[in-house]
Amino acid sequence: MGDPGNSRRIRITFGKRGALKYIGHLDLAKTWERVLRRAQINLTYSQGFVARPHIQFASPLPLGITSECELIDVWLGGAFEIESIVPKVNAVSPPGLPIYSAVEVPDRGPALQTLVHSATYRISFANILNLVLETQVNELLIQPAIIRTRREKNYDLRPLIIAVSIIGEGVLSVELSANEQTGVARADEFIDALGYNINEVEIHRFKLSLRPSS
């Protein structure tokens, strides 16, 4: 086990594609633990009766959504070259879990999930003309409040919708708040509010925006 008092914090950007879009966050965390061990990455572990790898995820991705911008922070011990991490992890990653980059970040910085400001999605609608889609989006956004229910509690989705634009025929770019303090909006809830079922669209997360860590 690595020494948590002598570690380096590495931020990895990865994707979630193919069949992996149907595994939940807890299963994804277990997958990452297995992958890092197979790659012989020297993880550091928490102190306590049950030691756990020191790992943080940015923002859980709902089932059925693909991504190219997921973030995970891992604390590594021992001597290593950061340039070796991406090829080593990609060599043992399952299909649908590509690793794009790894950079070192301040070890004592805030928890990764508290840094997330917003998430931007590409939402593709089948056989929907842009004129129709634009009308539906405008009708949604002019509402003073969009009351939704999550975990048996009502909340207003409207202030959590940061930006919506049409970027192709039947394709929206939607930026939603993912800030734990001000509110987290889900892409599937936006789709439902627009009057569609999540099974009628394809959703891909392509950007996570972080606030400065200091």
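Here are the numbers for this structure:
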| read-out | value |
| --- | --- |
| Residues that are in contact with a helix residue (DSSP H, G or I) (Cβ under 7 Å, 6 or more places away or on another chain) and either part of a strand (DSSP E or B) or within 11 Å of Arg122 (Cα to Cα) (or both), drawn from segment 173-188 | Val174, Leu176, Ser177, Gly183 |
| Selected residue [part of a loop (DSSP other than H, G, I, E, B) and either in contact with a strand residue (DSSP E or B) (Cβ under 8 Å, 6 or more places away or on another chain) or more than 22 Å from Ala58 (Cβ to Cβ) (or both)] from Asn154, Asn199, Asn127 | Asn127 |
| Residue satisfying all of: in segment 86-124; in a helix (DSSP H, G or I) and of a type in the set (S, T, N, Q); farthest from Glu202 (Cα to Cα) among these | Thr114 |
| Residue check for Arg108: of a type in the set (Lys, Arg), surrounded by fewer than 15 Cβ atoms within 10 Å (Cβ to Cβ), out of contact with any Leu (no Cβ under 9 Å at 6 or more places or on another chain) and farther than 22 Å from Leu61 by Cα | yes |
| One residue from Ser46, Ser84 being touching a residue at least 12 places away in the same chain (Cβ under 8 Å) and small (Gly, Ala, Ser) | Ser46 |
| Any hit, segment 147-160, residues being surrounded by 12 or more Cβ atoms within 10 Å (Cβ to Cβ), more than 17 Å from the chain's Cα centre (by Cα) and among the β-branched types (Val, Ile, Thr) | no |
| Tabulated pairs, segment 4-31, first more than 23 Å from Val103 (Cβ to Cβ), second in a strand (DSSP E or B), C-beta under 6 angstrom, 6+ apart or interchain | Lys21/Thr66 |
| From Arg186, Arg211, Arg205, Arg151, residue being at pLDDT 95 or above and of a type outside the set (Gly, Ala, Ser) | Arg205 |
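Yes/no per residue for (1) among the charged types (D, E, K, R); (2) over 16 Å from the mean Cα position of the chain (by Cα); (3) modelled with pLDDT under 95; (4) over 28 Å from Asn197 (Cα atoms):
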site: Asp3; (1), (2), (3), (4): yes, yes, yes, yes
site: Arg11; (1), (2), (3), (4): yes, no, no, yes
site: Ala19; (1), (2), (3), (4): no, yes, yes, no
site: His25; (1), (2), (3), (4): no, no, yes, no
site: Ser46; (1), (2), (3), (4): no, yes, yes, yes
site: His54; (1), (2), (3), (4): no, yes, yes, yes
site: Ser59; (1), (2), (3), (4): no, no, yes, no
site: Ser67; (1), (2), (3), (4): no, no, no, no
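The values are calculated or read from the model by the stated rules, or taken from the named source; none is laboratory data. Since the structure is predicted, the reported quantities are computational estimates derived from the model, not experimental observations. Positions of Cβ are backbone-derived with ideal geometry, glycine not excepted, and every protein chain shown enters the neighbour counts.
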